[in-house]
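Have a look at the structure below, then the notes.
Laboratory data are not the source of any read-out in this text; all were calculated from the coordinates shown. No experiment lies behind these values; they were computed from the predicted model shown. Note: ideal-geometry Cβ built from the backbone for every residue, glycine included; neighbour counts use all protein chains shown.
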Amino acid sequence: MVIAVDGPAASGKGTLARRLAAHYGLPYLDTGLLYRMVARAMLDAGHDIRDAPAAAAIVGSFDQDAFPEERLRGREIGEAASVVAAMPAVRTGLLARQRHFAGQPGGAVLDGRDIGTVICPQASAKLFVTATPEVRAARRFKELTGRGEVVTQEAILADIRRRDARDSGRSDAPLKAADDAILLDTSALGIDEVLAAAIRIVESRRAG
Ligand code: DC
């Protein structure tokens with residue numbers, strides 16, 4: 001069983017996907033981390049983040065195990081990941097890794113922006129997780145300040161709006177719900193309620 005979890009930044013999709021994977025005993029891939037690794041490798045090498053040929057070269061050769069997660073989670077890397085994610089060569093270069101992960105015996109849970117539309121269009125269940133920009137900014141603010149970043153909630157809200165516009169507006173695999181995805185608005189829900197709703201959706205899809 002493959003479960004696709006898509007949605008905008010800080011919508012709660014990562015937490016949900018991780019919990020779903022634990023519930024069903026499936027491996028989990030946070031595909032945003034792959035884009036964040038490419039961005040990290042670009043910045044570490046001193047490239048301008050908009051340098052598409054440099055990003056295309058990096059995506060073919062970067063070592064997935066070379067980046068501890070704490071180097072990938074910061075505010076700057078989220079923004080940079082969104083820039084490289086709009087480059088077709090980067091998306092193509094990351095496709096096989098994601099499909100290979102999804103193709104494991106027994107299946108997997110993947111979260112991202114284009115899992116239900118491009119990476120796994122045949123997924124058994126597709127969830128599109130949303131929340132208002134204000135709720136997402138509050139969540140991301142809590143996460144980043146908890147990690148010691150100095151930032152205001154207004155700045156985070158501006159980041160989120162800019163990232164939404166870029167991720168939804170790009171021509172290649174834009175952020176959007178697959179036609180057969182079920183929308184899950186987490187604005188007013190706690191994680192346990194979101195998980196319970198998601199399990200109901202998955203079970204109804206499995207039942208056919
Ligand atoms: O989910 P995240 O915030 O870690 O993702 C970082 C950026 O990576 C996001 O702004 C857009 C890009 N991304 C993407 O384009 N496709 C995916 N499947 C996952 C992430």
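What to note about this one:
- Selection of trypsin sites (Lys or Arg not before Pro), the stretch 1-60, meeting DSSP coil and at most 13 other Cβ within 10 Å: Arg50
- Gap separating the Cα centres of the stretch 169-194 and the stretch 60-83, nearest whole Å: 23 Å
- Prolate/oblate/rounded call for the chain, Cα gyration tensor, a/c under 1.5 rounded: oblate
- A Cβ-based charge dipole, computed about the Cα centre of the chain with Lys and Arg at +1 and Asp and Glu at -1, lands at about 220 debye.
- DSSP-loop trypsin sites (Lys or Arg not before Pro) across the stretch 132-170, with at most 16 other Cβ within 10 angstrom: Arg147
- GNM flexibility winner over the chain from Asp179, Asp51, Asp30 (Cα, springs under 10 Å): Asp179
- Cα gyration tensor, the stretch 52-148 - rounded (a/c under 1.5), prolate or oblate: oblate
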